[in-house]
Amino acid sequence: MITYEDELKQEAREEGRKEGLQEGKREGRQEGKIEITRNLIKLGMPLDFIKKATGFSEKKILEIKEKLEKE
């Protein structure tokens, strides 16, 4: 027999799983944008172009560029 408490636990697990999947997708998109930014920097694209293409701030792009130069 499934109790009300069991149903609540199952709903909470499902909600947690959904939230985890959404967070994973957000992180994946962010990593993809970082990789695109790195590639655009390597190609020598202007900062304004990279800002428009990625939506990143100038500060974020310069941080990525600095890390790239250290590699």
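The values are calculated or read from the model by the stated rules, or taken from the named source; none is laboratory data. In this text, all values refer to a predicted model and were calculated from it rather than measured experimentally. Cβ sites come from the backbone with ideal geometry, for glycine too, and all protein chains shown count toward neighbours. The protein model used for the area step is the full one, side chains on, heavy atoms only, and it has no ligands, DNA or RNA in it. Shrake-Rupley method; radii C 1.70, N 1.55, O 1.52, S 1.80 Å.
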(request) Grab the DSSP H runs of the chain that are 4 residues or longer, score each as -39,500 (n - 2.57), total them, divide by all residues and round the 222 nm result to the nearest 500 deg cm²/dmol. (result) -29000 deg cm²/dmol
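Would you mind getting the accessible area per residue of the chain, heavy atoms of the protein chains only, 1.4 Å probe, in Å²? Display every interim value, and only then the final one.
Numbers: 5960 Å² over 71 residues.
Ligands and nucleic acids excluded, the figure is 84 Å² per residue.
Output the Kirkwood hydrodynamic radius of the chain, Cα pairs only, in Å rounded to one decimal. All intermediate terms of the calculation are to be shown ahead of the outcome.
Numbers: mean 1/r = 0.0678 Å⁻¹.
Over the chain, the inverse of the mean reciprocal pair distance is 14.7 Å.
Past 19 Å, Cα to Cα: identify those pairs from LYS25/LYS52; LYS25/LYS51; LYS25/LYS59; LYS25/LYS70; LYS42/LYS67; LYS18/LYS60, in the order given.
Values: LYS25/LYS52 22 Å; LYS25/LYS51 22 Å; LYS25/LYS59 24 Å; LYS25/LYS70 28 Å; LYS42/LYS67 12 Å; LYS18/LYS60 29 Å.
Exceeds cut-off: LYS25/LYS52; LYS25/LYS51; LYS25/LYS59; LYS25/LYS70; LYS18/LYS60.
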(request) Could you sort 57-65, 22-30 so that the peptide with the highest average Cβ count within 10 Å comes first and the rest follow in order? (result) 57-65, 22-30
(message) Cβ neighbours within 10 Å, averaged per peptide: list 40-50, 3-13 in order, most packed at the top.
(response) 40-50, 3-13
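For segment 21-71, what % of the accessible area comes from carbon and sulfur atoms, probe 1.4 Å?
53 percent
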